[in-house]
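The values are calculated or read from the model by the stated rules, or taken from the named source; none is laboratory data. Bear in mind the structure is a predicted one, so any value in this text is a computation, not a measurement. Please note: Cβ atoms are built from the backbone with ideal geometry, for glycine as well, and neighbour counts cover all protein chains shown.
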Amino acid sequence: SFRLRRKVMGASVDKVLTLRDTHPFLYQEHVFSGGAGAISVAHHPMTVMQGGGSLAFSPKRYAATPGDPLEPDPARGRFLLAYPARSADLTRFPTAAGGTVI
């Protein structure tokens, strides 16, 4: 595992990478220990391949939002997307206002 050099809102952040026999994946987990306050968390993979390389991705079967919005306090943010919602058509998704975003 790797620990972020700086604390985030007083919390230590550890990145844990795991390989499992017969699994074609590298599993990644972030563990926040200690600290106080609320932070938003996003996942954005980054790679460095000095000698080149290739990435492969599976076709997406659907898009979904969880049961509760990521930011539950409307004073801190609003959402275009509906919560919860699901769509097998990745070119359209239900909105909070009852429409569809294209």
When you scan region 58-78, how many residues do you find that are under 16 Å from the mean Cα position of the chain (by Cα) and over 17 Å from I102 (Cβ atoms)?
-> 7
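Would you pick out the residues in region 22-60 that are within 30 Å of G77 (Cα to Cα), hydrophobic (A, V, I, L, M, F, W, C), free of Cβ contacts under 8 Å to residues at least 12 places away in the same chain and out of contact with any His (no Cβ under 9 Å at 6 or more places or on another chain)? Explain how you work it out, then say what you get.
Narrowing region 22-60 to residues within 30 Å of G77 (Cα to Cα): 28-46, 60.
Of the ones still in play, those that are also hydrophobic (A, V, I, L, M, F, W, C) are 31-32, 36, 38-39, 41-42, 46.
Subsequent filtering for residues that are free of Cβ contacts under 8 Å to residues at least 12 places away in the same chain retains 38, 41-42, 46.
The answer is A38, A42, M46.
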Mind telling me which of the residues T65, T47 ends up being of a type in the set (S, T, Y), within 30 Å of R86 (Cβ to Cβ) and assigned by TED's automatic domain parsing to the domain that holds F79?
-> T65
Region 1-93: strands (runs of 3 or more DSSP E) wholly inside it with 1 or more residues that are surrounded by 10 or more Cβ atoms within 10 Å (Cβ to Cβ) and β-branched (V, I, T) are 11-19, 26-34, 63-65
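Taking region 84-102 as the region of interest, how many residues are under 23 Å from S58 (Cβ atoms) and not small (G, A, S)?
If we filter region 84-102 for residues that are under 23 Å from S58 (Cβ atoms), which is where we start, we get 84-93.
Keeping just the survivors that are not small (G, A, S) gives 84, 86, 89-93.
Of the residues in region 84-102, 7 are under 23 Å from S58 (Cβ atoms) and not small (G, A, S).
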